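Comments concern the structure below.
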Amino acid sequence: EEEGEEGEEGGGVEEGTLLAQLAPAHDSGDVESQPSDPGALAAERKRMAEALQRAALEAQWAAVEQSTIAEAERVEQRRAQPLGAKGKGDKIGFAGAVAFFEQEVDMTAYAAVIVREDWSGASCLTRYFPFARPKLRGDHLAAQRDMLMCVAKIAFDESQEVHQRILMSIFKSLTGNTRDPPRFGAHWELVGFQGNDPATDLRGVGMLSLLNALFLVTRRRELAQKLYTLSRGDRDFPFMAVSINLTKVCLEALRSGSLTTAANQRNSVVEAFHDLHCGLYAHMALQWRARLLSIRDFGQVLKELHELGTKRTAVALKKSHGLGKGPQVSLSDEEKITFGGQV
């Protein structure tokens, strides 16, 4: 029993050891070392078992707390580091992004829930007589339409390197930075996101809004730079927030059949869709300059753009290639974000 007491003082014993200490005393008849009342012995054993159970629970909670702290530290480290880039200036092009969604993403679950057509806003003839509705010429065009609608259902995924590269490529193309910025931070407001985390702005149309912006900054670079310059002028507006709203208009135009003629002419739903986005953005910029608009006017302007995109789609598409002469964007040194001594 003296050895047992020394072991307990030395830093804890297992439940079996504690119970074993009681058992020999009972068997040996050493009345002085055990409670004279059997009920008291049972109560003592119960107390010790409960103490052990509490100790085990405390140890489990301590382990959970340590794990939570460690995970929080890992998240903080990820937030402080550039993510999704393989190296300096490693952008992803529009074709590469489209190929990723077409070839590497399982669209089965998304395809089951997308709304391919919506004729509720169409004319009476088109609404009630299906034979009068415009149709895509070819299964490949229908497949492209479905792909775009599925991408709109895909949320930004931290674990997907391609998602990260698309986001980083948009930022670098607009700002002139050659290194990836941190995944979180106030610098995202430079390109028109509404807070420190761009993913929170993408919930309406998912990755399709980033795909639209990537097309704009890679396939219509001059237009993108002029739009970005205007967005940071005296009557500034949030570049990416506007782009996301215009993506919603384009998606509605696609569902309503307004883009079908243009898609058939181009033999590409993808090109027609992104051209409409560019055309609507260019038209908005022209109105912004001519009418001296500000962000307070955006609600009314968005209604006009919705009408243009869904009812006068051909007119909007003609505006997709430019804004006329204009200055290129140039950020101040304070606005540029430096990583490792390089911009």
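No value in this document is a laboratory result; all are computed from the given coordinates. Predicted model only: the values in this text are computed from it and were never measured. A quick note on method: Cβ atoms are made from the backbone with ideal geometry, for glycine too, and the neighbour counts reach across all protein chains shown.
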*asked:* Relative contact order for the stretch 173-234: what percent, with Cα pairs under 8 Å and sequence separation of 6 or more?
replied: 28
*Return the sequence-ordered ³J(HN,Hα) values of the stretch 174-186 in whole Hz as given by the Karplus equation 6.51 cos²θ - 1.76 cosθ + 1.60 applied to θ = phi - 60°, using x for Gly and Pro.*
6, 8, x, 5, 9, 10, 5, x, x, 5, 10, x, 5
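Before anything else, pin down the relative contact order of the stretch 223-288: Cα pairs under 8 Å, at least 6 apart, normalised by residue count, whole percent.
Rounded, it is 32 percent for the stretch 223-288.
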*Taking the Cα centre of the stretch 127-218 as origin, work out the dipole magnitude from +1 charges on Lys and Arg Cβ and -1 charges on Asp and Glu Cβ, in debye rounded to 20.*
540
_Show me the ranking of peptides 203-214, 52-63, 260-271 by mean Cβ neighbours inside 10 Å, starting with the highest._
203-214, 260-271, 52-63
*Can you pick out the pairs among 172/311; 91/311; 153/319; 226/248; 91/135 whose Cα atoms lie more than 30 Å from each other?*
172/311; 91/311; 91/135
_Relative contact order computed over the stretch 180-331 (Cα-Cα under 8 Å; 6+ residues apart), in percent_ = 26
_Residues listed by number, the stretch 129-161, amide nitrogen under 15 Å from residue 109 label point at 7 Å toward C-beta_ = 150-160
*For the stretch 301-313, just list the computed ³J(HN,Hα) in residue order, Karplus coefficients 6.51, -1.76 and 1.60, θ = phi - 60°, integers in Hz, with x standing in for Gly and Pro.*
4, 5, 4, 5, 5, 5, 4, 5, x, 9, 10, 10, 4
